[in-house]
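All remarks here apply to the structure that follows.
Please treat every number below as a calculation from the coordinates, not as lab data. Remember, it's a predicted structure, so these values are computed and weren't measured experimentally. Virtual Cβ from ideal backbone geometry, glycine too; neighbours counted across all protein chains shown.
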Amino acid sequence: MPGRLPSKSDFASDVKLSITPAPSSQPPTNILILLHGLGDTNASFTKLGQQLSLPETACISVEAPNRLPFDLGGFHWGDDLVFDENTGEMDVDTGFKDSTRLVLDKVIKEGLVGKCGYKLREVVIFGFGQGAMVGLQAAAELEEELGGVVGIGGILSLSLPVKALEKKSKTPVVVCKASKGSAVTESAITKLKDAFQFIEIKEWRKSGDGMPSSREEMLPIMQFFARRLRSTRGVPAGSVELT
């Protein structure tokens, strides 16, 4: 039996999220979980899910559980909040134990699999910055295979449990990084390759990690979706299968 369209009542009351059905009354064969970046809310990624309008795919935009202090607005995924004394900037990597449990246990295992009838292979994660770090950690900790993870400027946390590196995850991953000033350094790529069997690194000619802003930047992500999202309707006439 295929999974059914989730509703907010399928998830724990402390999980804030929005649900966008698959386009044109199509069956929600896949679930795309969207995880926003540091200092954002789930509203912008709710809009992203609507814009993507992926076939047979319902989108769930999850909000980070921790509000930023000092009326800064927005939320963060970290277990702690640390500011650099010299620059005043927030440390992006303060551990993601609680947020990983929220996404992996409450959203995926209890909600999507337990209540809505989805298989793990039918769940794909798309995350930006801190959200990408949470998505990557969730996949690395999970022994079974997810549909995939797309991480924009995403790395694995320094506090990733050692157990997650004992056996490489079978979940396919694509990580997109800027050619200059990216958080995805060579050492970060090495750690990602230690954690995942199938990983692609896509480099964009830009400075600083940011969301895709052109067709060229979006193309490898859409190709990844084309390979990993399942369809009950078959391949449309005239389509070219991407491998």
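Segment 185-229: which chymotrypsin sites (Phe, Trp or Tyr not before Pro) are DSSP loop and have at most 16 other beta-carbon atoms within 10 angstrom?
On the way: sites: Phe196, Phe198, Trp204, Phe224, Phe225; in loops: Phe198.
Loop-located and lightly packed - Phe198.
Between the DSSP loop rule and a limit of at most 11 other Cβ atoms within 10 Å, which chymotrypsin sites (Phe, Trp or Tyr not before Pro) in segment 18-83 are left? Before the final figure, lay out each step's value.
Details: sites: Phe45, Phe70, Phe75, Trp77, Phe83; in loops: Phe70, Trp77.
Loop-located and lightly packed - Phe70.
What order do you get for 98-105, 161-168 when each peptide is scored by the mean count of other beta carbon atoms within 10 Å, highest first?
Details: 98-105: 20.5, 161-168: 12.4.
Ranked from most to least packed, the peptides come out as 98-105, 161-168.
Just the ratio, please: alpha-carbon radius of gyration of the chain over 2.2 N^0.38 Å, N its number of residues. Please report the intermediate quantities before stating the final value.
Values: Rg = 17.1 Å, N = 243, 2.2 N^0.38 = 17.7 Å.
Taking N as the residue count of the chain, the ratio is 0.97.
Considering only DSSP beta bridges whose two residues both sit in the chain, what percent are antiparallel, to the nearest 5?
Numbers: 8 of 36 bridges.
So the antiparallel bridges amount to about 20 percent of the total.
Once you put a point 7 Å from the Cα of Lys97 and another 7 Å from the Cα of Ser231, both along the Cβ direction, what distance in nm separates them?
4.4
For Lys163 and Arg121, calculate 0.36 nm times their separation in residues minus their Cα-Cα distance, and state this gained length in nm to one decimal. Walk me through the numbers on the way to the answer.
Working: separation 42, 0.36 × 42 = 15.12 nm, distance 2.17 nm.
12.9 nm is the gain from fully extending Lys163 to Arg121.
Anything over 29 Å Cα to Cα? Flag those among Lys8/Lys180; Lys106/Lys180; Lys109/Lys168, in the order listed.
Values: Lys8/Lys180 40 Å; Lys106/Lys180 36 Å; Lys109/Lys168 20 Å.
Checking Cα-Cα distances, Lys8/Lys180; Lys106/Lys180 exceed 29 Å.
How big is the gap, in Å, between the Cα center of segment 12-85 and the Cα center of segment 143-200?
20
If you filter segment 51-152 for GluC sites (Glu not before Pro), then keep DSSP loop positions with at most 14 other Cβ within 10 Å, what is left? Don't skip to the answer; put the middle values down first.
On the way: sites: Glu56, Glu63, Glu85, Glu89, Glu110, Glu122, Glu141, Glu143, Glu144, Glu145; in loops: Glu56, Glu63, Glu85, Glu89, Glu143, Glu144, Glu145.
Taking segment 51-152 and a limit of 14 other Cβ atoms within 10 Å, the loop GluC sites (Glu not before Pro) found are Glu85, Glu89, Glu143, Glu144.
For Gln137, what is the net charge nearby, where nearby means another residue's Cβ is under 11 Å from its Cβ and Lys, Arg count +1, Asp, Glu -1?
Numbers: positive: Lys97, Arg101; negative: Asp93, Glu141.
It works out to a net charge of 0.
Aspartates and glutamates within cross-link reach of Lys47: Cα-Cα under 14 Å, excluding same-chain residues under 8 positions apart?
Cα-Cα hits under 14 Å: Glu63.
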